[in-house]
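Colleague: Structure incoming, see below.
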Amino acid sequence: MYRKVEESQTLLINTQAKAMESQNKEVIKFGFGQSPFLPPNHVINALKEAAHRKEYSSVQGDLELRKLMSNFHMAHNGLKVDPDNILVAPGSKILLYTIMLAFEQADVLMPVPSWVSYAPQANLAGHHLIKLNTTYEERWRITPKIMEEAIKGKHHKDTIMLLNYPGNPDGLTYSQSELEAIAQVAKKHNILVISDEIYGLLSFDGPHASFANYYPERTITTTGLSKWCGAGGWRLGAAFLYDGIEKEFKQALIGIGSETYSCAPSPVQMAAKEAYADYNGISEYVSYQTKILQKIGMFCATTLNAAGILVTPPQGGFYIFLDFTMFKDTLSQKGITTSNELCAQLLKETGVMILPSSAFGFNTDHLGARLAFVDFDEPVPQEEFSLKKHGTRVIKGIELIVEWIESYRI
């Protein structure tokens, strides 16, 4: 018997979009969360110049790169990590899985909604998955009360909790008081927290607050180049381990890496040195992105809310989460009772592609979806971003969603 592993919903929908485009059908791609920004020129040039670097690095990654990462994140938001406690890999995705695989049996606390690969990875690792169900009214945030209730369903000694903010699929973050409260519960129950902060540098309002600064005892922070540096396909991620990490745990992580991915690509590691060389030097590039993303995200949220679709305005990254539950009865009369049916019908009738909430941990009958507002054009150098000029597909896509849901009201 083979394992039953479905293709990642985000990668699958990107394949579907390409197939429709090959048939000359217009598709507005709000389904796949890929940054539309190019990496900085000096980082691209560094990759070109390192193309000849074909050697393997250590499993942990190039030491100089790890030192630069440590300094970079200390300058960004005071996240303190010893370079010897940094793991570099081909993407943070494999590091998340590596951490889970290091445990023979564990309970995995997963917020709902959350990124599409958390649950499959927990299942592949043979762990017991416990969902932390959130609501629109609570901004899709987990709370100490939700955590305490979930912990009652534990099966195993070890507990892992996944935390992701600014979040995928909701674009939301946590306040200092919220992080402090969550940290207290995590400490009380000795929970290992994997804080997925891949969108941390794309926070809209000031420096991102790393969870490790509130719970340094057992927080592993994951990050990488994919989002803030526009280099998803380069596959360069990192895990920042906590001080005093158990030797057996760290060795298990390195051992799994040595038997699976071996190391991150050497040329990409060399380019990453340029990306992480100087936080102050790169901050203008990051600020340029966040200003554009915030403008687009606020337009999307405001317009959809005005149409009755529940959306909490984003605080970082490039996602918003759409809640169509107010239209449940109306949609049901048209034969739409699941998020898959909702997204399929929207795509068929409008060419707008969004991802169903069932991919993010919800039951199939929850009428929600993630929208990645990335289908826009990056301005040429020295040009001011204009939503009307560079975001025409975003405007059109949002208007089509509004027209579509209003047509179902009739």
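The values are calculated or read from the model by the stated rules, or taken from the named source; none is laboratory data. Note that the structure is predicted; figures quoted are calculated from it, not measured. No Cβ is skipped: glycine too gets one built from the backbone with ideal geometry, and neighbour counts run over all protein chains shown.
Colleague: Residue by residue through the stretch 124-150, note down the ones that are in a helix (DSSP H, G or I) and touching a strand residue (DSSP E or B) at 6+ places or on another chain (Cβ under 7 Å).
Modeller: I146, M147, A150
Colleague: While we're looking at this one, here's another question. Name the residue that is farthest from Q269 (Cα to Cα), counting only residues in the stretch 195-209 that are in contact (Cβ under 8 Å) with a residue 24 or more places away in the chain, in a loop (DSSP other than H, G, I, E, B) and not aromatic (F, W, Y).
Modeller: D205
Colleague: Checking the condition under 22 Å from F240 (Cβ atoms) and part of a loop (DSSP other than H, G, I, E, B), which residue from L79, L95 passes?
Modeller: Unique residue meeting the criteria: L79.
Colleague: Just name the residue that is surrounded by the most Cβ atoms within 10 Å (Cβ to Cβ) out of those in the stretch 190-209 that are more than 22 Å from L253 (Cβ to Cβ) and either touching a helix residue (DSSP H, G or I) at 6+ places or on another chain (Cβ under 8 Å) or acidic (D, E) (or both).
Modeller: Looking at residues that are more than 22 Å from L253 (Cβ to Cβ) and either touching a helix residue (DSSP H, G or I) at 6+ places or on another chain (Cβ under 8 Å) or acidic (D, E) (or both), I get L201.
Colleague: What's the number of the only condition in (1) surrounded by fewer than 19 Cβ atoms within 10 Å (Cβ to Cβ); (2) of a type in the set (G, A, S); (3) in a helix (DSSP H, G or I) that A119 fails to meet?
Modeller: Condition (1) is where A119 drops out.
Colleague: Let me ask something additional. Restricting to the stretch 82-92, what's the tally of residues that are part of a helix (DSSP H, G or I) and touching a helix residue (DSSP H, G or I) at 6+ places or on another chain (Cβ under 9 Å)?
Modeller: Matching residues across the stretch 82-92 total 3.
Colleague: Being within 29 Å of W228 (Cβ to Cβ), among the aromatic types (F, W, Y), surrounded by fewer than 19 Cβ atoms within 10 Å (Cβ to Cβ) and in contact with a helix residue (DSSP H, G or I) (Cβ under 8 Å, 6 or more places away or on another chain) is the requirement here; does F373 meet it?
Modeller: When the stated conditions are applied, F373 does not pass them.
Colleague: What pairs can you find where one residue is in the stretch 308-329 and touching a residue at least 60 places away in the same chain (Cβ under 8 Å) and more than 17 Å from E406 (Cβ to Cβ), the other is assigned to a loop (DSSP other than H, G, I, E, B) and among the hydroxyl-bearing types (S, T, Y), and their Cβ atoms are less than 6 Å apart, with a gap of 6+ or different chains?
Modeller: Q315/T173; G316/T173; G316/Y199; G317/Y199
Colleague: Mind listing whichever residues of the stretch 46-76 are among the hydrophobic types (A, V, I, L, M, F, W, C) and assigned to a loop (DSSP other than H, G, I, E, B)?
Modeller: A50, A51, V59, listed by residue number.
Colleague: Still on this structure, please answer the following. I'd like to check something: does the stretch 248-262 contain any residue that is part of a loop (DSSP other than H, G, I, E, B), farther than 26 Å from L47 by Cβ and assigned by TED's automatic domain parsing to the domain that holds S58?
Modeller: No, because not a single residue in the stretch 248-262 is part of a loop (DSSP other than H, G, I, E, B), farther than 26 Å from L47 by Cβ and assigned by TED's automatic domain parsing to the domain that holds S58.
Colleague: Give the residue, chosen from G316, G281, that is under 30 Å from N71 (Cβ atoms) and either modelled with pLDDT under 95 or in contact with a Cys (Cβ under 8 Å, 6 or more places away or on another chain) (or both).
Modeller: Exactly one of G316, G281 is under 30 Å from N71 (Cβ atoms) and either modelled with pLDDT under 95 or in contact with a Cys (Cβ under 8 Å, 6 or more places away or on another chain) (or both), namely G281.
Colleague: Could you look through the stretch 210-256, keep only residues that are touching a residue at least 60 places away in the same chain (Cβ under 8 Å) and of a type in the set (S, T, Y), and pick out the one that is surrounded by the fewest Cβ atoms within 10 Å (Cβ to Cβ)?
Modeller: Checked the stretch 210-256; the qualifying residue surrounded by the fewest Cβ atoms within 10 Å (Cβ to Cβ) is Y242.
Colleague: Okay, next question. Among the residues of the stretch 274-327 satisfying the criterion of being acidic (D, E) and not in a helix (DSSP H, G or I), which is surrounded by the most Cβ atoms within 10 Å (Cβ to Cβ)?
Modeller: D323
Colleague: Further question: Can we say F362 is closer than 18 Å to K291 by Cβ and part of a loop (DSSP other than H, G, I, E, B)?
Modeller: no
Colleague: When residues of the stretch 370-394 are filtered for being of a type in the set (A, V, I, L, M) and in contact with a strand residue (DSSP E or B) (Cβ under 6 Å, 6 or more places away or on another chain), how many remain?
Modeller: Of the residues in the stretch 370-394, 2 are of a type in the set (A, V, I, L, M) and in contact with a strand residue (DSSP E or B) (Cβ under 6 Å, 6 or more places away or on another chain).
Colleague: So, in the stretch 342-359, how many residues would count as being of a type outside the set (A, V, I, L, M, F, W, C), in a helix (DSSP H, G or I) and touching a Ser or Thr at 6+ places or on another chain (Cβ under 9 Å)?
Modeller: Of the residues in that region, 3 qualify.
Colleague: In the stretch 99-121, which residues are charged (D, E, K, R) and in contact with a strand residue (DSSP E or B) (Cβ under 6 Å, 6 or more places away or on another chain)?
Modeller: Residue satisfying the conditions is D107 alone.
Colleague: What's the number of the condition D107 fails, among (1) free of Cβ contacts under 8 Å to residues at least 40 places away in the same chain; (2) in contact with a His (Cβ under 7 Å, 6 or more places away or on another chain); (3) not β-branched (V, I, T)?
Modeller: For D107, the exception is condition (1).
Colleague: Can you tell me how many residues within the stretch 150-182 are among the small types (G, A, S) and in contact (Cβ under 8 Å) with a residue 60 or more places away in the chain?
Modeller: 2
Colleague: Taking the stretch 48-67 only, how many residues are touching a residue at least 12 places away in the same chain (Cβ under 8 Å) and either surrounded by 21 or more Cβ atoms within 10 Å (Cβ to Cβ) or basic (K, R) (or both)?
Modeller: Summing the residues that are touching a residue at least 12 places away in the same chain (Cβ under 8 Å) and either surrounded by 21 or more Cβ atoms within 10 Å (Cβ to Cβ) or basic (K, R) (or both) in the stretch 48-67 gives 7.
Colleague: Going by the conditions given, is G397 in contact with a strand residue (DSSP E or B) (Cβ under 7 Å, 6 or more places away or on another chain), surrounded by fewer than 21 Cβ atoms within 10 Å (Cβ to Cβ), among the small types (G, A, S) and farther than 29 Å from L163 by Cβ?
Modeller: no
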